[in-house]
Amino acid sequence: MTGTTPGSGRQRTPSGRAAGPRSTPPRSGRPAQGKSASGKPASGKPAQGSSPQRKAQPSKAQPSRTQPSRTQPSKARPAKAQPKAPPKKAQPKAQPKAQPKKPQPTKSQPRASSTRLGFEAPGTPRTAAPGTAQRSTTTQRPAATQPRPARSPVARSRMVRPLPPRPGRPEIRQRWLVGIAAVVVLIFLVRLVHVQLIEGPSLAAEAEAARTATAVTPAHRGDITDANGVVLATSVDRYTVVGDPVAIEDFRGSGRVDAEGDKVQDGALGIAQLLAPILDVPKAELAADLVGKSRYRVLAKNVVPQVQRAIADLQVRAYIRTDLTSRRTYPSGAVAGSLVGFVNDEQTGQGGIEAAYDDVLAGTAGSDTYERSLDGLRIPAAGQESVPAVPGDSIQLSLVHDIQWKSQDSIDDAVRTSGAEYGIAIVQDVRTGEIVALADSGAVNPNDRSTSAVAGGSRAVKDVFDPGSTGKVVTMAAALEGGYWTPESQFTVPDRYTTPNGQTFQDSHEHPVQKLTLTGVLAQSSNTGTVQAGEKIPLQTRQDYLYKFGFGQPTGLDLPGESVGLMPPADVADWDGRTQYAVLFGQGLSVNAMQATSVFSTVANGGVRMTPTLFEGSTSPDGTVTPADQEPGERVISADTADTLVEMMETVTGDEGTGKNAAVPGYRVAGKTGTAQMPAGNGWTYMASFIGVAPADDPRYTVAVFLKSPHSSIFGGDVAAPVFSDVMGFTLQKMDVPPSERAKHRLKTEW
């Protein structure tokens, strides 16, 4: 506060320092009202250059226009809002000398209290202190109706000061931080519970699956052997060499040297340096195979155990591994090659016996489950589970290796000498129905997969043809069994014969009219004589005997690609006028080689038909032998009829018969020749055949020989009978069949 010091005429500043008497000139350079420039009272006249003095308001005090001292601090005081005063007329003003303009106080400028400064109360005449030019600092509050003089914006902006900042409240910030932290913790807690309780089992399972590897252990496929234990097919252990190009990128030679003494490089080149000499491949070629983003690259297949052990000695299991596999081999080569079949890369049977008995041979694969590290190595302390593989059973066939070889060799030779397209040879045990040999000419070697011939299968069940004259045995069996004729029944046989319905048939060659017995008709293979004998046999009986002997039905071998042949309509009423007679001498229907062979085996077995079979039994890995189920035979004709028919067929191989080239020294042979037409493209060809049994006095084996499209001769007695003699003679000696007793008196062929 500014006060007046008594006796000195000085004022004291708030800091206590004395200030000399100083008068503040009035705004616009005018002297204060009622005082002269020297501080004396004005004479009542306005000063020169000043505006006329206003009349004093006796009832209201005018606000002081005195400027506060620069040293006097202002004290803010809120001002009441005053109504604006009406505009006043501009007063002419004297032009004072230019003086620096001082800022004017704003409405909010504090005013000094009159009592505190020693001034009189409002209403007291304002007079200056004697001897001073200082204007009174006493301010009087204007009347309510008096408008407050307007101040310039510059002065107002300089006088208004911002309020000091309010003090902070840290407890609010703390509450917010605690709340945010609680929300974050709650989110993490909810996520943790969700992961542990809800997703936990599935995540654990995924993690375990990611580090778990399962190696399949292939089951050893069972062997295929002949009746005497000779191995026709077996499996050996082999390995597949597999590389991991991604892991190989991290391989380091670490000072190792290769087989040539050179320093082993890093990466694929280093692995190639170590592995190439063992696999016998160029290093550069192998290194190129080991580069890439694959995790599984097959480098070699069917690696023998010796090579696998050499790879294991390299100790690069994290980069190169060898997977155990199995390879099927066929030690006998082409012997029974078409019959045995083959397997694919997954060791699944694809043809022949391999496919027919795949469920017995295959076994059950095992597995080895373990946990591995990132580099692919097995973790020793982790859990492991092993399921051992169960080997397949070995099967024993009824084939006899040596007889199979002889049959193939003989039929191959016959194809070469006759110029035939192909040939088939079958040897069957008449007592059991077991197949002793089943040979195709040009048999393939299952070890050779360079061609697709190995997948062709056996023609003995695939190809069909008219049985031809071998089918006359069925007609003779029906005629004898039905009592229509006897072996000595007499027939007048021309080379041409016309049936009552106008169908004309002829023999294979021209000849004069012959007087033949029923036995002679069979021995001479006369078509016209057979038609005459069959006219008495009802149509339904003819059809019944065809089915009884196995035509139009599966053979029972269950070999892939088997055909059941073609038969006339099931309803004999639908047979045309020619078919009803053509079936009597083996035309108008088609069969496969096995079906035709089974007819003769049935007759040789006393009239009982045995289902043909190749399967003799199986042997489990522990040595347990399980024999094949023996199906009961089906009687087709009586034993007496069968014996009589064998005697009639024995005349075929005599001097007066068509099959004399089938004779086997020391043994009685009964059989029948055949020559059947076959369609071939736009024309016709022939199937020449001979089927016979021996010994005729006690039949043991049936041998059937078929040659398609022979060029040297179309007659089975010329091209097929010699092959029969060769194969049957070898079979009887191999199986130790004693020679026949002295031949009995043969039936008459002529009358």
Looking only at the stretch 242-287, and only at residues there that are more than 15 Å from ILE320 (Cα to Cα) and aliphatic (A, V, I, L, M), the one that is surrounded by the most Cβ atoms within 10 Å (Cβ to Cβ)
VAL264
Answer with yes or no whether ALA676 is touching an Asp or Glu at 6+ places or on another chain (Cβ under 6 Å), in a strand (DSSP E or B) and within 25 Å of SER407 (Cα to Cα).
yes
Looking at the stretch 298-338, which of its residues are among the polar types (S, T, N, Q), part of a loop (DSSP other than H, G, I, E, B) and touching a residue at least 40 places away in the same chain (Cβ under 8 Å)?
SER332
Looking at the stretch 586-627 only, could you name the residues that are farther than 21 Å from VAL705 by Cα and assigned to a strand (DSSP E or B)?
VAL608, PHE615, GLU616, GLY617, SER618, THR619, VAL625, THR626, PRO627
Taking the stretch 589-643 as the region of interest, how many residues are over 30 Å from PHE465 (Cβ atoms) and open to solvent by less than 10 Å² (accessible area, probe 1.4 Å)?
1
Helices (runs of 4 or more DSSP H) within the stretch 479-585 that include 2 or more residues surrounded by fewer than 16 Cβ atoms within 10 Å (Cβ to Cβ)
539-548
Pick from the stretch 724-735 the residues that are more than 9 Å from ALA662 (Cβ to Cβ) and either in contact with a Gly (Cβ under 8 Å, 6 or more places away or on another chain) or outside any loop (DSSP other than H, G, I, E, B) (or both): which of them is most open to solvent (accessible area, probe 1.4 Å)?
GLN733
Give the residues of the stretch 229-263 that are more than 25 Å from ALA288 (Cβ to Cβ) and in contact with a helix residue (DSSP H, G or I) (Cβ under 7 Å, 6 or more places away or on another chain), sorted by residue number.
VAL230, LEU232, ALA233, ASP237
Yes or no: the stretch 664-676 includes at least one residue that is of a type in the set (A, V, I, L, M, F, W, C), modelled with pLDDT under 95, surrounded by fewer than 24 Cβ atoms within 10 Å (Cβ to Cβ) and over 20 Å from PRO487 (Cβ atoms).
no
Are any residues in the stretch 426-466 assigned to a strand (DSSP E or B) and open to solvent by less than 30 Å² (accessible area, probe 1.4 Å), and if so, which ones?
ILE426, VAL427, GLN428, ASP429, ILE435, VAL436, ALA437, LEU438, ALA439, ASP440, PHE465
Name the pairs whose Cβ atoms lie under 6 Å apart, with the first residue in the stretch 389-401 and open to solvent by less than 40 Å² (accessible area, probe 1.4 Å), the second assigned to a strand (DSSP E or B) and among the small types (Gly, Ala, Ser), and 6 or more positions between them or separate chains?
ALA389/GLY366; ILE395/SER618
Determine if the stretch 630-651 includes at least one residue that is of a type in the set (Ser, Thr, Tyr), assigned to a loop (DSSP other than H, G, I, E, B) and closer than 25 Å to GLN506 by Cα.
no
Search result, residues across the stretch 348-388 that are among the aliphatic types (A, V, I, L, M) and either open to solvent by less than 50 Å² (accessible area, probe 1.4 Å) or at pLDDT 90 or above (or both)
ILE353, ALA355, ALA356, VAL360, LEU361, ALA362, ALA382
Test each condition in (1) over 28 Å from GLU434 (Cα atoms); (2) buried (at least 21 other Cβ atoms within 10 Å of the Cβ); (3) not polar (S, T, N, Q) for ALA720 and report the one that comes out false.
(1)
Is it the case that the stretch 685-700 has a residue that's farther than 17 Å from PHE600 by Cα and open to solvent by less than 30 Å² (accessible area, probe 1.4 Å)?
yes
Counting only residues that are within 29 Å of the chain's Cα centre (by Cα), open to solvent by less than 70 Å² (accessible area, probe 1.4 Å) and under 30 Å from ARG327 (Cβ atoms), how many does the stretch 181-233 have?
8
Quick one: SER590 ticks every box in (1) under 20 Å from GLU481 (Cβ atoms); (2) in contact with a strand residue (DSSP E or B) (Cβ under 6 Å, 6 or more places away or on another chain) except a single one, so which number is it?
(1)
Looking only at the stretch 701-717, and only at residues there that are farther than 13 Å from THR685 by Cβ and among the hydrophobic types (A, V, I, L, M, F, W, C), the one that is most open to solvent (accessible area, probe 1.4 Å)
PHE715
When SER469 is run through (1) closer than 20 Å to THR673 by Cβ; (2) assigned to a strand (DSSP E or B), the failure sits at (2)
Any residue in the stretch 473-485 that is in contact (Cβ under 8 Å) with a residue 40 or more places away in the chain sitting within a Cβ distance under 9 Å of a residue that is in a helix (DSSP H, G or I) and among the acidic types (Asp, Glu)? List the pairs, counting only those 6 or more apart or interchain.
ALA478/ASP544; LEU480/ASP640
Name the single residue that is surrounded by the fewest Cβ atoms within 10 Å (Cβ to Cβ) among those in the stretch 736-751 being in contact (Cβ under 8 Å) with a residue 24 or more places away in the chain and of a type in the set (Asp, Glu).
GLU741
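The values are calculated or read from the model by the stated rules, or taken from the named source; none is laboratory data. This one's a predicted model, so the numbers in the text were calculated from it and none came from an experiment. Cβ coordinates were reconstructed from backbone atoms using ideal geometry, including for glycine residues, and neighbour counts include every protein chain displayed. Please note that ligands, DNA and RNA were not included when accessible areas were found on the heavy atoms of the full protein model with its side chains. Shrake-Rupley method; radii C 1.70, N 1.55, O 1.52, S 1.80 Å.
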